[in-house]
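Working notes, beginning with the structure itself.
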Amino acid sequence: MTVAARIFFVGGVTSFRALFYWLTPWIYVPSLLVGPIFQILLFAYIGRSAHLRSDEFYVIGNAIQYAAIPCLFAMSQMIGGERYQGTLSAILVSPAGRIPLFFGRSMPVVINGAFVAAVALALGCLILDVRLPLSSIAPIALVVLIAAFSCTGLGLINAAISLRLRENAVLTNVIFGFLLIFTGANVPLDSLPGWMSTSAQGMPFTHAIVAARRLADGASLSDVGGLVGAEVLVGLAYGLCGYALLRWFEAQGRRYATLERA
Amino acid sequence: MRIARLLYMGWAFHLKSLTLSGFFIIVSVISPVIFASIAYLMFRAGARPGSLLFVAIGAGMMGIWSATLFGSGGAIQWQRWQGTLEYCIAVPPAFIWVILPLTIATATIGLYSLTSTLVWGWLFFDVPFQLAHPAWFVVALPAAVLALGLLGLVLASTFVLYRHANALSNLLEYPVWLVTGLLTGLALLPGWTRPISWALAPTWGVKALRESALGGDPAFPVAMSIALGIVYLVIGHYCLRYFEKLARERATLAIA
């Protein structure tokens, strides 16, 4: 195994396991597996109250959008946690390639985000008696994975900002809220004001949520290929911006000796 | 008189302290505004547009509950982490008089939520702010805040027994929003949720505020808020005494 591959896979997994030293099942289950169920139920009942859309609309929208919690928080923890432990300088002074270093740490986050969204989707369907066609399960699973990938790209930007911002949890909560409004998880895109639905086109989840809803309505994967491609592009764009920001803030941190000060 | 002064000074101190916390500003201002916006947009787009003032008050109460839940749920744990829990217990006044101002302050912080959702709705969604019973609204608001603050006392004294109180707080935020009908109204929820909602202060607090603002009879929900507050005070008192006794017997006051 080459050094880069080892940093990518072993470093990524080790870093994620380190995250779990505080993310025990006693925190993981209530926060990441039970939490989204109640978000789904809340919006499904508001939807019923407003006579807006069916339960399926809210189950799919909120289950996929909830991947934002693990993706955004875990990525900011990638920097914040290292700084808290006093190991950030040691990592950034190492000669390890930054692409395997940062992207390797993103990979388990993508998988975890997709897992959280998939569990929420399955339990949401069970509780609200939403039936998805069997043929749509595998394509929706792929869309969920891509949505988690896309949001982890945004998470990389969030991680970079953690190099500058001490209370990143506050920013992460705000980003989560914006994604909840803009991405069409609860309000149909065509009911949003024009500037909001236009902005949503450049945000993670927007295309994935539409694609998953169409798949649930019987469309095939090839029918939603454009939406899936757009979601991948959004994720790549955020990922590259996040990487560039990380490198820039790292260089600034070295120059002004501010790595531990943010 | 001394107790009243202690309560007032503690409340004012914690109110100022919490106002400086970015996390509490998020919980009490930005988060309710986000949820209120989603609800406004959903009701506007839906086939049965509800009263936007109904939504604004409900979203404001969501913020009061969140601030109470996160602030009071972790109140004792925070004192422990900061190393001040021993002092809070060792001082001459009973522990309840030291912790009560903090839990009421966390609920008071929630008033930022109500203000922000009403102002936000008025500015961007043309939500009218005309009160049917202004005098009752002035009574209902402190009654609701006080009842939630006293519920916070119960949370503070029970959550401390659970090591991962933050996760418990995360878990309880949405269910209480849902079961107390803050944005949906109780009629849509399954019948078995009713008794749960009756035991929770946000149900009566939001009902009192809505009936004051939109018309109705706010007297009963205000009375229920006060009655529930007294029940919470009694429960909180005994729970705190139990916690203090256990901590002293086992010498675990400083052990998280």
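Every number here is computed from the coordinates shown, using simple stated rules; none is lab data. Here the structure is a predicted model, which means the values were calculated and not measured. Ideal geometry is used to build each Cβ from the backbone, glycine not excepted, and the neighbour counts take in all protein chains shown.
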Mean Cβ-within-10 Å packing, highest first, puts peptides A:24-33, B:108-117 in the order B:108-117, A:24-33
Taking every residue of B:35-44, the Cβ atoms of other protein chains inside 10 Å of its Cβ average out to 6
Scattering profile of the protein assembly as shown from the Debye formula, Cα beads only, expressed as log10 I(q)/I(0) at q = 0.08, 0.10 Å⁻¹, is -0.54, -0.84
Nearest 10, in degrees from 0 to 90: the angle of helix A:225-256 to the longest Cα principal axis of chain A is 20 degrees
By the mean-Cβ-within-10 Å protection proxy, highest first, A:152-165, A:194-207 rank as A:152-165, A:194-207
About its Cα centre, the range B:2-250 carries a charge dipole, from +1 on Lys and Arg Cβ atoms and -1 on Asp and Glu Cβ atoms, whose size in debye to the nearest 20 is 380 debye
In a Gaussian network model of chain A with springs linking alpha carbons closer than 10 Å, the residue among A:E167, A:E250, A:E231 that fluctuates most is A:E167
From the Cα centre of the range A:60-102 to that of the range B:209-256, the distance in Å is 39 Å
Residue-normalised 222 nm signal for chain A, counting each DSSP H run of n ≥ 4 as -39,500 (n - 2.57), nearest 500 deg cm²/dmol, is -24000 deg cm²/dmol
Mean other chain Cβ within 10 Å across A:37-43 is 6
Assertion target for A:M78, B:M62, ordered by fewest C-beta neighbours within 10 angstrom first, is A:M78, B:M62
Most packed first (mean Cβ within 10 Å per residue), the peptides B:149-157, B:35-43 order as B:149-157, B:35-43
Dividing the mean separation of Cα pairs under 8 Å (6+ apart) by the residue count of the range A:3-256 yields a relative contact order in percent of 26 percent
The ³J(HN,Hα) series, computed from each phi in the range A:64-79 with the Karplus coefficients 6.51, -1.76 and 1.60 at θ = phi - 60°, rounded to the nearest Hz and given as x for glycine or proline, is 5, 5, 5, 4, 4, 4, x, 5, 6, 5, 5, 5, 5, 5, 4, 8
Sorted largest first, the C-alpha extents of chain A along its principal axes in whole angstrom are 56, 37, 35
Taking the reciprocal of mean 1/r across every pair of different Cα atoms in the range B:2-250, the Kirkwood radius in Å is 18.4 Å
Mean other chain Cβ within 10 Å across A:25-31 is 5
Taking Cα atoms only, helix B:165-179 is inclined relative to the longest principal axis of chain B by an angle, in degrees rounded to 10, of 30 degrees
Counting Lys and Arg as +1 and Asp and Glu as -1 over every other residue whose Cβ sits under 15 Å from the Cβ of A:F9, the net charge comes to +3
